[in-house]
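Peer 1: The structure that follows is given in the form of structure tokens.
The values are calculated or read from the model by the stated rules, or taken from the named source; none is laboratory data. Just so you know, these numbers come straight off a predicted model, no measurement behind them. Glycine gets a Cβ as well: all are built from the backbone with ideal geometry, and neighbour counts include every protein chain shown.
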Amino acid sequence: MLVILSVIPPLAIVFAVNKYCGTERCYIRRFVLIFLIAGLLIAAAAMFGSDFLTRGAGTLLGSGFLFVLVSNFITVALFEESLKYIVLRWRFVKRDPFTEPLYAIALSVTVSMGFAFYEQMVYTLGEGLITVILRAILSVPGHTGHAILMGMLLHLTAKSAASGDMAGKRKFLRLALLVPALTHGTYDFIVGLYRLYGSDLFILLLVAFTAGLLYYTIRLLRRVKHDSRGNSGGPDTAAITDDTNDIPEVFYE
């Protein structure tokens, strides 16, 4: 029962975001497969790879402040966001329409919530009700914020490539990884400081940071939807047609 409760938040979020973005029916099957398969692969790789890297960092750095800094920003946040990023770059090769911002955000959130879905089950099996509650109100929404940022920056990558701005493409492609890794790392770093020092101030800081991240990314998503509606002159939709020949071939190299 606890496992079922733990996976409700990522399922609810991925459904709500895709509904809000207007993901078309023709993409639903693809998104479900990505959610289940990519999410499982990312979760498994993160569980073993991140744990291995974190143990190595602990051996080299001990267990103090420097370890908390390096482990949370690099061996956890950067590693996990890199795995999500790889999946989304793979979708580029498959010619997904990342020139449409709502599509890019919806797919990014789907990948991230697929990861969170399995991560929730792993944590729940090893922890208890308090962990389920805390992760439901902080960690899973935090993953949503990171994903919205990654999706938006990948859209800007595609937009730059479509306009022939290769310098912009390279810049946004880097930022699409680095910005979510930074926000994710900040979240984990605050958690690490709480574990290291035990002060409840870090819990308050974590709540404030998560709230701020969600406030910003939800406003970003609302603005993107508003702009997309204005540009299309029709109903909101995250998907464009399957004809993506207008996107320069160099974008997919």
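Peer 1: Give the number of residues within the stretch 102-132 that are free of Cβ contacts under 8 Å to residues at least 40 places away in the same chain and not hydrophobic (A, V, I, L, M, F, W, C).
Peer 2: Residues flagged as free of Cβ contacts under 8 Å to residues at least 40 places away in the same chain and not hydrophobic (A, V, I, L, M, F, W, C) within the stretch 102-132 amount to 4.
Peer 1: Look through LEU107, LEU69, LEU78, LEU53 and report the one residue that is touching a Phe, Trp or Tyr at 6+ places or on another chain (Cβ under 8 Å) and closer than 21 Å to VAL122 by Cα.
Peer 2: It is LEU53.
Peer 1: Take the residues in the stretch 62-72 that are of a type in the set (A, V, I, L, M) and in contact (Cβ under 8 Å) with a residue 24 or more places away in the chain; name whichever of them is surrounded by the fewest Cβ atoms within 10 Å (Cβ to Cβ).
Peer 2: LEU69
Peer 1: With the condition kept exactly as written, say whether any residue in the stretch 87-107 is under 16 Å from ILE8 (Cβ atoms), more than 17 Å from the chain's Cα centre (by Cα), surrounded by fewer than 24 Cβ atoms within 10 Å (Cβ to Cβ) and not charged (D, E, K, R).
Peer 2: No, the stretch 87-107 contains no residue that is under 16 Å from ILE8 (Cβ atoms), more than 17 Å from the chain's Cα centre (by Cα), surrounded by fewer than 24 Cβ atoms within 10 Å (Cβ to Cβ) and not charged (D, E, K, R).
Peer 1: Something else: Output the residue which, of all residues in the stretch 156-173 that are in contact with a Ser or Thr (Cβ under 9 Å, 6 or more places away or on another chain) and without any contact (Cβ under 8 Å) to a residue 60 or more places away in the chain, is farthest from ALA211 (Cα to Cα).
Peer 2: ALA167
Peer 1: Moving to a separate point now. SER82 - would you say it is free of Cβ contacts under 8 Å to residues at least 40 places away in the same chain, closer than 28 Å to LYS169 by Cβ and part of a helix (DSSP H, G or I)?
Peer 2: When the stated conditions are applied, SER82 does not pass them.
Peer 1: May I pose another question? Restricting attention to the stretch 116-123, does a residue exist that is within 26 Å of GLY168 (Cβ to Cβ), at pLDDT 95 or above and of a type outside the set (Lys, Arg)?
Peer 2: No, that holds for no residue.
Peer 1: On the given criteria, is VAL132 modelled with pLDDT of 95 or more and either assigned to a helix (DSSP H, G or I) or buried (at least 19 other Cβ atoms within 10 Å of the Cβ) (or both)?
Peer 2: no
Peer 1: Can I ask one more? Select, from ALA16, ALA57, ALA44, the only residue that is crowded, with 19+ Cβ neighbours inside 10 Å and not β-branched (Val, Ile, Thr).
Peer 2: One residue alone meets the criteria, ALA57.
Peer 1: Looking at THR59, THR99, THR75 in this structure, which one is free of Cβ contacts under 8 Å to residues at least 24 places away in the same chain, of a type in the set (Ser, Thr, Tyr) and out of contact with any Pro (no Cβ under 7 Å at 6 or more places or on another chain)?
Peer 2: Every option except THR59 fails the conditions.
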